[in-house]
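The values are calculated or read from the model by the stated rules, or taken from the named source; none is laboratory data. Only a predicted model underlies this, so the values are computations on that prediction, with no experimental measurement involved. Here Cβ is always computed from backbone atoms with ideal geometry, including for glycine, and neighbour counts include all displayed protein chains. Just the protein is used for accessible areas: all its heavy atoms, side chains included, with ligands, DNA and RNA removed. Shrake-Rupley method; radii C 1.70, N 1.55, O 1.52, S 1.80 Å.
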Amino acid sequence: MTLAFDQLKPAEKQYYLQHAVAPRPIGFVSSIDQEGNMNLSPFSFFNLFSSNPPILVFSPSLRVRDNSSKHTLQNVLSVPEVVIHVVTYDMVQQMSLSSCEFPKGVNEFIKAGFTEEKATLVKPSMVKESLIKMECKVLEVKALGTGGGAGNLVICEVLCMHIDDSLLDENKKVDQRKINHVARLGGDWYCVVNESNLFQVEKPNTQLGIGVDQLPAAIRNSTVLTGNNLGQLGNVHDYPVIDPSFELSELKQIIQYYSVSPAEMEKECHLLAKKLLDEGRVKDAWQVLLTSTEG
C-alpha cells in the first residue's frame, strides 16, 4: 500500500503517522497561565534535540476535529516556562486520565490524583510522583501550520533536572533497567521499556567498522545469517584472522561430522555462528565463520 498524503484527510494522516512513527517518548508537561491556573498534559510529539544547549521540544498540535488549540499552548505563549516529566509504567493510567479535555482552569493534578510539588526555578508545579523532572524555560514557539493537526514546536531549554535516587546505581549513574519508560504507539496502544525487552548494541564510536561489503561472499550471502547478524560482523574494527588457540566443542563436532560435505559443514557453521551472534559473542562467531571459509 502506498499513501499519497496530499489525498488524505487530516485524521487519516494522523492515524498512519502515529502508528508508523513509534514508539514515541511521552513528555508530561506542566504549565501555568497568567492567573496562576495549573495545567498538566502529556505529549507524544516530544524528544531531545540538543545536549549543549540542553533542548527538549514538544508539540501541542491543533485539534484535528475543530482546529482548536490546547491549554498548554495557550499557557506557554503567556508564561514561557514548563516542567517536563518522564512517564513511567506506574503512572501511565493517571497520565492518560490527565489527557481528558477538561475545561480551562481545571487542575489536572487534582483530576488525575497527582501531587503538586513546588519547582525550584520555574512557576509551574512538578509532579511529585514522577521519577525524572526537568524544569525548563521556553525559548520559542514555532507554528508549523494553521489547519487542524498542525504542530506547534515548543522549544525548551532545560534549566535543571531532578532524578529520583532509586534510579541510580552505586556509582550515581542512571540504571536504564530501573526506569520503566512508557512510550506511545498508535490508537490506544502503549509499550513499556523494562529489563525483559532491553538489549545493547555496541556503538562504533571513533573506530570504523569494516562494513558488510567487506565480508566474504559466503558469509554476506548466507541463507542463515540475518541482516542484524551481518551488521554485527561488519562492526568489527579490524578484519579478524584465525586464532590457532580457539576451541569450541560444538565447532569440533561440526568438523568431525560434516568434513566430507563442505556445503553441509558451512551451513552448520553458519547456524552455530548465528547462535553465538545472538548471544553477543561476536569474536567467537567470527572464528567459527573463518573456520568454515578456510575449510
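Brief remarks on what is shown
- Selection count, segment 260-285, where residues are part of a helix (DSSP H, G or I), loosely packed, with under 13 Cβ neighbours inside 10 Å and either under 26 Å from the mean Cα position of the chain (by Cα) or among the acidic types (D, E) (or both): 0
- Residue tally, condition in a helix (DSSP H, G or I) and polar (S, T, N, Q), over segment 245-259: 3
- Flag if E101 is closer than 22 Å to V182 by Cα, out of contact with any Gly (no Cβ under 7 Å at 6 or more places or on another chain) and surrounded by 15 or more Cβ atoms within 10 Å (Cβ to Cβ): no
- Of the residues making up segment 23-54, just one is farther than 27 Å from I110 by Cβ, buried (at least 16 other Cβ atoms within 10 Å of the Cβ) and touching an Asp or Glu at 6+ places or on another chain (Cβ under 9 Å), namely P54.
- Screening E117 on (1) among the acidic types (D, E); (2) open to solvent by 20 Å² or more (accessible area, probe 1.4 Å); (3) within 25 Å of the chain's Cα centre (by Cα) shows it passes everything except condition (3).
- When residues in segment 213-229 are screened for being surrounded by 15 or more Cβ atoms within 10 Å (Cβ to Cβ) and part of a loop (DSSP other than H, G, I, E, B), 4 of them pass.
- When I110 is tested against (1) open to solvent by less than 60 Å² (accessible area, probe 1.4 Å); (2) in a helix (DSSP H, G or I); (3) without any contact (Cβ under 8 Å) to a residue 12 or more places away in the chain, exactly one condition is not met: (1).
- For segment 71-98, a residue qualifies if it is assigned to a helix (DSSP H, G or I), among the aliphatic types (A, V, I, L, M), open to solvent by less than 50 Å² (accessible area, probe 1.4 Å) and over 14 Å from S130 (Cα atoms), and the qualifying residues are L73, V76.
- Criterion violated by L56 - all others in (1) more than 20 Å from V141 (Cβ to Cβ); (2) outside any helix (DSSP H, G or I) satisfied: (1)
- Flag if V241 is of a type in the set (V, I, T), open to solvent by less than 30 Å² (accessible area, probe 1.4 Å) and within 20 Å of E294 (Cβ to Cβ): no
- Within the option set S44, S61, being touching a residue at least 40 places away in the same chain (Cβ under 8 Å) and within 15 Å of V76 (Cβ to Cβ) holds for one residue only, S61.
- N194 being out of contact with any Asp or Glu (no Cβ under 6 Å at 6 or more places or on another chain), at positive phi and touching a residue at least 24 places away in the same chain (Cβ under 8 Å): no
- Residues that are part of a helix (DSSP H, G or I) and in contact with an Asp or Glu (Cβ under 6 Å, 6 or more places away or on another chain) do not occur anywhere in segment 127-147.
- Filter result for the condition that a residue is of a type in the set (V, I, T) and either under 24 Å from Q200 (Cα atoms) or not in a loop (DSSP other than H, G, I, E, B) (or both), over I210, I242: I210
- Candidates are the residues of segment 189-207 that are at pLDDT 95 or above and in a loop (DSSP other than H, G, I, E, B); the one that is surrounded by the most Cβ atoms within 10 Å (Cβ to Cβ) is V193.
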